[in-house]
Structures are given as C-alpha cells and as structure tokens.
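Participant: Here it is, the structure, as structure tokens.
The values are calculated or read from the model by the stated rules, or taken from the named source; none is laboratory data. Note that the structure is predicted; figures quoted are calculated from it, not measured. Every residue, glycine as well, gets a Cβ built from its backbone with ideal geometry; the counts of neighbours run over all protein chains shown. The area values use the complete protein model at the heavy-atom level, side chains included, leaving out ligands, DNA and RNA. Shrake-Rupley method; radii C 1.70, N 1.55, O 1.52, S 1.80 Å.
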Amino acid sequence: MNDVRSDGTVLVWDFPTRAFHWMLALSFLVAYVTSESETWFGVHLMSGVTLVALILFRLMWGIFGTRHARLTSLQLAPASVLRYLKSLLGPRPEHHVGHNPAGSVAIVLLLGLGLLTGVTGLSMYFELGGEWLKEIHEFCANAMLAVVLVHIAGVVVSSFLHRENLARAMVSGYKKGAPGDAAGRAHRGVAALLVAAVVAGWASYATGVFSVHVPAVMQERHGGHEGYDDD
C-alpha cells in the first residue's frame, strides 16, 4: 500500500485506528439507543462490552501503533488548544496532519467517558453497586453523547475551513501532508484480527453461548427517568 498519493495526500490513519473509530461509534450508538429497553438489554450489554474492549485495544495501540495513532502524538497543552481554536477564526487555520489539539482533547474525553460508562455499566450488571452507580452510568453516557456531538460539529467546521474532508480521511486513511508525515505501515492484519474478535464476540451472544439477565437496579424507575420498558 502506497504511503504517498499523487494528489498530495499521505497515509495518516492506519487500518486498526480506522476500524476502531467506526466500530466505537457504532457500539456507542447501539448502546445508547437500546439503553431504555429491557427487551434489547442483551444488545445494550454487548455493545457496552464491545465499547470497553475497543477502548482497551485503542490504549494499547496508542503505545504500539503507528506515529499518528500513538497517544504521545496528542496535543493536549491548553496553550496549543487555545491557539488552534483562535486560528480557526483567522484566514489561515492551523493544519495538523494527525489529530489537531481540539480533536486530541475530544479523544481523551471520549476514551475516558467511554471507559467510565462501560465499567459502571458492567458493575451494575454484576450487582456491585446501587442507585448511585446507575446515576453515574447515565451521567457518563450523556456526557459522552455531548462530546460526540461537539466532536462531529468540530469535524464539520474543520473540514470546511481546511477544505479537507476529515470524515472521509478516517475512511480512506489519507490526508494532506508531506511524504515525511506518512504513518508507515497500514497494519491490515491487526485490523482484521480486531474486527474478527468483535464479530466472534457478537456471534457468541447471538448463538446463545452465554445468557444475559437484567439486574434489578436497571429495572427500577427513578428520578424522572423512565427506566427499562418492554418495547
């Protein structure tokens, strides 16, 4: 696979990073829309387990992955974030081959909130907490949704200002950059193993390899929330 294309774009996002990104988005979406239904609780649980597993993989890939996938590539200094945001108001916005500072903050928030949401949900499933844990779980899930919406808005705005489709780049893996900015190996094999592991997990659930029960705390109505229904 060529690292550099004739149109001036280079391979930035390797296959594992792209596979993680879209599977995480799908897992969160499914988990969120099934969160209020007892009938779909198994799907909700599996989506949450998948989300946690994907985040754990991403943290490992953030250590061993390609240059732009590494956590050390994130630009989290407050000064860098403010400078980048201010540049968006000017005629020449800062262009970053990898994650820009605002995107870096979003990634940290999404990974952190995703882990908290998943861990609190699994703790509830194993009856390790009561109503207070349910409140934390719902707060983290809603906070993650808010960050997702801000992140999507940021991608749209940045794509317009930079004249570069950032969402498409997360599909193709290519962005504008110099040859020296290329990520290197695409790691198709690692991505294939990641997808296979997720598919195997869902196949095990679909074929009834393990059973799922709805914990009592998740069936209770409280605090203005409707809880689980049978829809």
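Participant: Quick test of your reading of the structure: residue 35 fulfils all but one of (1) of a type outside the set (Asp, Glu); (2) at pLDDT 95 or above; (3) over 13 Å from the mean Cα position of the chain (by Cα). Name the failing condition by number.
Facilitator: (2)
Participant: Just for the range 146-163: of the residues that are out of contact with any Pro (no Cβ under 9 Å at 6 or more places or on another chain) and surrounded by 15 or more Cβ atoms within 10 Å (Cβ to Cβ), which one is modelled with the lowest pLDDT? Spell out how you get there, then give the answer.
Facilitator: Applying the first criterion (out of contact with any Pro (no Cβ under 9 Å at 6 or more places or on another chain)) to the range 146-163 yields 146-157, 159-160, 163.
Then drop every residue that is not surrounded by 15 or more Cβ atoms within 10 Å (Cβ to Cβ), which leaves 147-148, 151, 154-155, 159.
On the way: 147: 97, 148: 97, 151: 95, 154: 91, 155: 92, 159: 88.
Applying the filter and picking the extreme gives 159.
Participant: Pairs only if they're at least six apart or on different chains, beta carbon under 7 angstrom, first in the range 120-148 and within 27 Å of residue 106 (Cα to Cα) and without any contact (Cβ under 8 Å) to a residue 12 or more places away in the chain, second assigned to a helix (DSSP H, G or I) and open to solvent by less than 50 Å² (accessible area, probe 1.4 Å); list them, first residue then second.
Facilitator: Final answer for the pair search is 123/133.
A quick yes/no check of all residues on (1) among the basic types (Lys, Arg); (2) closer than 28 Å to residue 117 by Cα; (3) touching a residue at least 60 places away in the same chain (Cβ under 8 Å):
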residue: 15; (1), (2), (3): no, yes, yes
residue: 23; (1), (2), (3): no, yes, yes
residue: 30; (1), (2), (3): no, yes, no
residue: 37; (1), (2), (3): no, yes, yes
residue: 49; (1), (2), (3): no, yes, yes
residue: 57; (1), (2), (3): no, yes, yes
residue: 70; (1), (2), (3): yes, yes, no
residue: 82; (1), (2), (3): no, no, no
residue: 90; (1), (2), (3): no, no, no
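Participant: Something else: Residues to consider are 154, 121; find the one that is in a helix (DSSP H, G or I), in contact with a Gly (Cβ under 6 Å, 6 or more places away or on another chain) and not aliphatic (A, V, I, L, M).
Facilitator: Details: 154 fails: in contact with a Gly (Cβ under 6 Å, 6 or more places away or on another chain).
Exactly one residue qualifies, and that residue is 121.
Participant: Of everything in the range 1-22 that's in a loop (DSSP other than H, G, I, E, B) and not acidic (Asp, Glu), which residue is surrounded by the most Cβ atoms within 10 Å (Cβ to Cβ)? Explain how you work it out, then say what you get.
Facilitator: Of the residues in the range 1-22, the ones in a loop (DSSP other than H, G, I, E, B) are 1-3, 5-8, 12-14.
Going one step further and asking which of them are not acidic (Asp, Glu), we end up with 1-2, 5-6, 8, 12-13.
Details: 1: 9, 2: 10, 5: 11, 6: 6, 8: 12, 12: 26, 13: 24.
The selected residue is 12.
Participant: Could you grab me the full set of residues in the range 23-67 that are open to solvent by less than 20 Å² (accessible area, probe 1.4 Å) and not in a helix (DSSP H, G or I)?
Facilitator: Residues satisfying the conditions are 34, 37, 65, 66.
Participant: Moving to a separate point now. I'd like to check something: does the range 78-95 contain any residue that is part of a helix (DSSP H, G or I), closer than 27 Å to residue 176 by Cα and of a type in the set (S, T, N, Q)?
Facilitator: Keep residues of the range 78-95 that are part of a helix (DSSP H, G or I), which gives 78-87.
Now drop any that are not closer than 27 Å to residue 176 by Cα, which leaves 78-87.
Remaining after also requiring of a type in the set (S, T, N, Q): 80, 87.
Checked against the condition, which is being part of a helix (DSSP H, G or I), closer than 27 Å to residue 176 by Cα and of a type in the set (S, T, N, Q), the range 78-95 yields at least one hit.
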